[in-house]
Amino acid sequence: MILSNRKFNYIYSINNQVKAIGSDVNLLDEYLEYNKLVSDLIDNKVVLEMMNYMQHGTTSCYQHCINVSYYSYKLAKKLNLDVRSVARAALLHDLFLYDWHKVMFKMPLLQKHGFTHPKKALENATKYFTLNDKEKDIILKHMWPLTLKIPKYKESYIVILMDKYCCLLETFYPKLTRLPFLNKIFYT
């Protein structure tokens, strides 16, 4: 069992609960459709390694991938798209396993993390898991338009949008929840 680390804002607790930011749904609940789609990934040792790396603000890479995966799944479900590929690829989309903050200033522009990490994440994901073509496209192109190749699938665009949305949530949600008047409006 993994305990929360105060350095990062993961929501993986002693009670074995994993939740997306802003959600009260325990994604480890085996009765959830979402859990059935990602159960072999969500507690996988390699995926859990993402807890060791910070992504946005105080959010770990693991928590970020949980957020993107869950909200991409929900949107794909509403649009009657391939929820399995979306949920799984989004959970692996940032499986790069290094601290990008330490190298971001040293690299030339086109070698910076934003341009290169999708390829590294895909290499890691295919090393440890079997992926279909749609999942590979989602992971490889989730940073479009920085990654110049246009995504092939509607599901890829879902993850692109939810990745940006979750980045904003992870950056600003903790600050917004400290404002009492916004708490009353948005979070009650």
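The values are calculated or read from the model by the stated rules, or taken from the named source; none is laboratory data. Everything numeric here is computed off the predicted structure, so don't read it as measured data. All Cβ positions, even for glycine, are placed from backbone atoms using ideal geometry, and neighbour counts span all protein chains on display.
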> Which one of the conditions (1) crowded, with 16+ Cβ neighbours inside 10 Å; (2) at pLDDT 80 or above does Thr147 fail to meet, given that it meets all the rest?
Replying inline: (2)
>> Given the condition among the β-branched types (Val, Ile, Thr), more than 16 Å from Tyr71 (Cα to Cα) and not in a loop (DSSP other than H, G, I, E, B), answer yes or no: does some residue in segment 125-135 qualify?
In response: yes
> Which of the residues that make up segment 102-129 are of a type in the set (D, E, K, R) and at pLDDT below 90?
Replying inline: Lys102, Lys106, Lys112, Lys119, Lys120, Glu123
>> Here is a list: Asp99, Asp43. Which entry is surrounded by fewer than 19 Cβ atoms within 10 Å (Cβ to Cβ), over 20 Å from Val159 (Cα atoms) and at pLDDT 70 or above?
In response: Asp43
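Residue-by-condition table, conditions (1) of a type in the set (Phe, Trp, Tyr); (2) at pLDDT 85 or above; (3) over 16 Å from the mean Cα position of the chain (by Cα):
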| site | (1), (2), (3) |
| --- | --- |
| Leu27 | no, yes, no |
| Glu30 | no, yes, yes |
| Glu33 | no, yes, yes |
| Lys36 | no, yes, yes |
| Leu48 | no, yes, no |
| Met51 | no, no, no |
| Met54 | no, no, no |
